[in-house]
Amino acid sequence: MRRTVFVLNGPNLNLLGKREPEIYGAETLADVEGACRQAAARHGLDLRFHQTNREYELIDWIHEARDKAAAIVINPAAFTHTSVAVLDALQAFAGPVIEVHISNIHRREPFRRHSYVSGRADGVIAGCGGQGYLLALDRVAHLLDAARPMAGGQG
Ligand code: DQA
């Protein structure tokens, strides 16, 4: 059975490539999505890739992932630092969750150092640019492979 991964992006990430390029780089979100699709195909994963500027929409996708996704890769953007509601939604999801930040949030303003989402994430990647998403997909594939029952009933 093919495994589906939701890659979810929070507010202002639609402006990637135009917004503060000295922090977030020149890559657009469409570039990131294209690279994620290639990585997912390599790993035999189905991908759903979304971005929203609305907190409720991010929460609704996390709820949808409960039935439809084996794992979530999420860059909650500014909601990282503000949203107990996004944390609560992720707590209700059973599979692996990898939190991604394009920039190194620990090298920036102090308010970015706290992440509500890290309280649930199985892994956190920050400061690796758009490549962070690909690292997250590598990790998700590894975790899902490790959780898969072995063919032939051994192990
Ligand atoms: C971000 C870091 C957040 O602090 C910020 O609000 C974002 C993007 C990142 O990818 O580096 O919008 O999540």
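The values are calculated or read from the model by the stated rules, or taken from the named source; none is laboratory data. Since this is a predicted model, take the numbers as computed values, not measurements. FYI the Cβ positions are ideal-geometry reconstructions off the backbone, even for glycines, and counts take in every protein chain you see. SASA here: full protein model, heavy atoms, side chains in, ligands and nucleic acids out. Shrake-Rupley method; radii C 1.70, N 1.55, O 1.52, S 1.80 Å.
How much length would be gained if the chain were fully extended between Asp60 and Cys128, taking 0.36 nm per residue of separation minus their Cα-Cα distance, in nm to one decimal? Let's see the in-between values first.
On the way: separation 68, 0.36 × 68 = 24.48 nm, distance 2.75 nm.
Fully extending the segment from Asp60 to Cys128 adds 21.7 nm.
In whole percent, and with a 1.4 Å probe on the protein chains, what portion of the accessible area of the chain is carbon and sulfur?
Values: 3970 of 7890 Å².
Percent of accessible area from carbon and sulfur atoms in the chain: 50.
Where does the stretch 3-148 land on the Kirkwood hydrodynamic radius, alpha-carbon pairs, in angstrom?
Working: mean 1/r = 0.0668 Å⁻¹.
15.0 Å is the Kirkwood radius here.
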Counting only heavy atoms of the protein chains, get the accessible area per residue of the chain (1.4 Å probe) and round it to a whole Å² value. 51 Å²
Could I have the simple spin-label model distance between Lys18 and Asp31, label points 7 Å from Cα toward Cβ, reported in nm to one decimal? 1.5 nm
Extended-chain gain in nm, criterion 0.36 nm per residue less alpha-carbon gap, Ser118 and Gln38: 26.1 nm
Testing the spin-label approximation: label points 7 Å from Cα along Cα→Cβ at His142 and His106. State their distance in nm. 1.8 nm
Taking H placed 1.01 Å from N in the peptide plane, check which residues at least 5 places from Gly123 or on another chain put their amide H under 5 Å from its amide H. Val97, Glu99
